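Undergrad: First the structure, which I've put down as structure tokens, then a few questions once you've had a look.
The numbers here are math on the coordinates, done by the rules we state, and not lab data. None of these values were measured; they are calculated from a predicted model.
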Amino acid sequence: MKPLDHDYGLADPSLATSAEEAFDGPSKSERKRQMTALQDLGAELVALSSDRLKKIDLPETLREAVRDAQRFTAHEAKRRQLQYIGKLMRGIDCAPIQAALDEIKGVSATATIRLQRLERLRARLLEDEVVVGEILQQHPVADVQRLRQLRRNALKEAERNKPPHAFRELFRVLRELEEQEVGADETAGEGTDSAPGPE
């Protein structure tokens, strides 16, 4: 006698499908949120200047995709390129990229410490002009006359209760000097890594 289908205890096919979907990784909406987040991260990379982009360690394929997006002017072309960038980023660890972007935006602990150090240096310089010599030792390319002029102007601003234009400009100059030093160190390191070893 031919057994009936219900003798085998076959479940409702729709229930089986639901069970498979339940264990098929993130939901469709969650995947969409993740993709949007990666595209947003990619958009931040695209918005960077070429100099800042060079300082972030990226796979070459992703770097080229970001450069292409920077060249695009048409809205639709840029939107599709950002989707492509998001897909590329799904296959890499984005935490270091996010950390580098955070530092650029000044929200990381490292950046906070750096800013506080520069603020202390500016305060010391305003208290004593001798600090110009210390800055020159650390940054030989520093424009000593400009530093002294900005110092004098900042002190005058404080005395006359004027807007702190020179005070802020002094901080910007000190920050640029430090960024130049960091860039020079990175370039020197790259040169060392690429130098051929003894044969």
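Undergrad: If you stretched the chain out fully between residue 141 and residue 27, how much longer would it get, using 0.36 nm times the residue separation minus the C-alpha to C-alpha distance?
TA: 35.5 nm
Undergrad: For the stretch 109-190, compute the orientation-averaged projected area of the C-alpha convex hull (one quarter of its surface), in nm².
TA: If you wrap the Cα atoms of the stretch 109-190 in a convex hull and average its projections, you get 5.8 nm².
Undergrad: Using Cα pairs closer than 8 Å and at least 6 residues apart in sequence, work out the relative contact order for the stretch 27-104, in percent.
TA: In percent, rounded to a whole number, it is 44.
Undergrad: Cross-link partners among lysines for residue 28, C-alpha distance below 21 Å, same-chain residues fewer than 8 apart left out?
TA: Answer for residue 28, where 21 Å is the Cα cut-off: 87, listed by chain and number.
Undergrad: Given 5 Å bins starting at zero, what is the percent of C-alpha pairs of the stretch 27-104 in each, up to the one with the largest pair distance?
TA: So the P(r) values, bin by bin, are 3, 16, 29, 26, 16, 8, 2, 0.
Undergrad: In whole percent, what relative contact order does the stretch 109-190 give with Cα contacts below 8 Å and a gap of six or more residues?
TA: 28
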